[in-house]
Amino acid sequence: MKQLTIYMILFSCVFFWASNFIIGSILIEHWDPLTVAVFRLIVIVLFLGGISWKAICQTTFTRNDLLLLILAGILGVSINHYSFYASLQHTSPITAALILACAPIVTSLLNKMIYHESRNGIFWLGAILSFVGVGLIITKGALITISIGKGEVLSLITMLSFALFLIIVNHLSLKMSAQSITFYTNLIGLLVLVPFSFTILPQTNWQVAMPYWLLLILSAIIIHGVSNLMWNQQMKEIGSTNASLLLNFEPAIAMLLSALFLKQFPTSVQIYGSLLILVGILLCIYYKEIKILLLLKRKAN
């Protein structure tokens, strides 16, 4: 019963993360992407600072840690947040969600390059299938003909910046708490974006209806605050591998919510691409287990 509760909590986190694609599409109809990113980061920093102030004040870090925090804040917050909201101006939430689904594979590939982690043929097959799936989606089925739009490019930037962010955070987590890393990276990301927003904020529409302001504030707290903290806490109970399986539901949830609230339905190309991505992700996650099963089958025969 306890394990079921844990999985339900983790699934709710994935659900809220998937809803961000739809919420982001709604918010950019009323504000500029940079304005949305800055407003939400202000809310996130205030929320995280309020609930984790003691842990934040007790955090100590070296000059190297500070440089990594700054790099993580620029990549994983400033660039990631802006490119995410900007991409939703030019592409559908479904396409953005499917491209972002490849972030774990790209992270693993980068770890291979940086830390020389071993990978077998099954992993590489999964990676190829996933990238073919992404290729189908961003070229709208024309793999040979280049027809990549601005929204797809921005979604790729979102995915790549997030993958690099995960690697840096994984290194920092050996010395710092999750609360401190999350707070400082968001604070740095906000400080980097603020100067760019000076030309945008005077043009900001402050007459937006109250429900949209509430949506902006509450979604920032729930999606980037509560959900992140709940995920980090519950993931320790069942392991990162088991927890990461639930992330595969994110594109499917985004598709469902997009159909319900935005009346945007997946195309046949997006469906085929998502299936390739899903198969590829499963192969990449279980490449060791699959190899062992194949070896056992050979011995049995």
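Some notes on this structure:
- The distance separating the Cα centre of segment 264-301 from that of segment 168-229 comes to 35 Å.
- The lysines whose alpha-carbon is closer than 18 Å to the alpha-carbon of K54, local same-chain residues fewer than 8 away aside, are K175.
- Distance between the pseudo-spin-label points of L215 and Q58 (7 Å out from Cα toward the beta carbon): 4.0 nm.
- The aspartates and glutamates within cross-link reach of K2, meaning a Cα-to-Cα straight distance under 13 Å and a gap of 8 or more places when in the same chain, are E237.
- Label-to-label distance for T267 and L293 is 3.4 nm, based on points extended 7 Å past Cα in the beta-carbon direction.
- Helix runs (DSSP H) in the chain reaching 30 Å along axis by Cα, Kyte-Doolittle at least 1.0: 2-27, 150-172
- Across segment 175-301, Cα-Cα pairs more than 16 Å apart make up 80 percent of the total.
- Put simply, the Cα atoms of the chain extend 71, 47, 41 Å along their principal axes, the longest span coming first.
- Whether segment 146-229 is rounded, prolate or oblate, judged on the alpha carbon gyration tensor where a/c under 1.5 counts as rounded: oblate
- Ratio of Rg to Rh over segment 1-134 (Cα coordinates, Kirkwood Rh, two decimals): 1.01
- L201-N248 FRET efficiency (beta carbon distance; Förster radius 45 Å; 0.05 resolution): 0.70
- Relative contact order, percent, the chain [alpha-carbon distance under 8 Å, six or more residues apart]: 40 percent
- To put it simply, the accessible area of segment 187-301 at a 1.4 Å probe is 70 percent carbon and sulfur.
- Our summary of shape: the Cα atoms of segment 56-166 have principal axis extents of 52, 39, 18 Å, ordered from largest down, in whole angstrom.
- Given the chain, longest segment not containing exposed loop chymotrypsin sites (Phe, Trp or Tyr not before Pro) (DSSP; at most 15 other Cβ within 10 Å): 1-197
- Binned Cα-Cα distances of segment 173-220, short to long, each 10 Å bin given as a whole percent: 20, 31, 34, 12, 2
The values are calculated or read from the model by the stated rules, or taken from the named source; none is laboratory data. Just so you know, these numbers come straight off a predicted model, no measurement behind them. Every residue, glycine as well, gets a Cβ built from its backbone with ideal geometry; the counts of neighbours run over all protein chains shown. The area values use the complete protein model at the heavy-atom level, side chains included, leaving out ligands, DNA and RNA. Shrake-Rupley method; radii C 1.70, N 1.55, O 1.52, S 1.80 Å.
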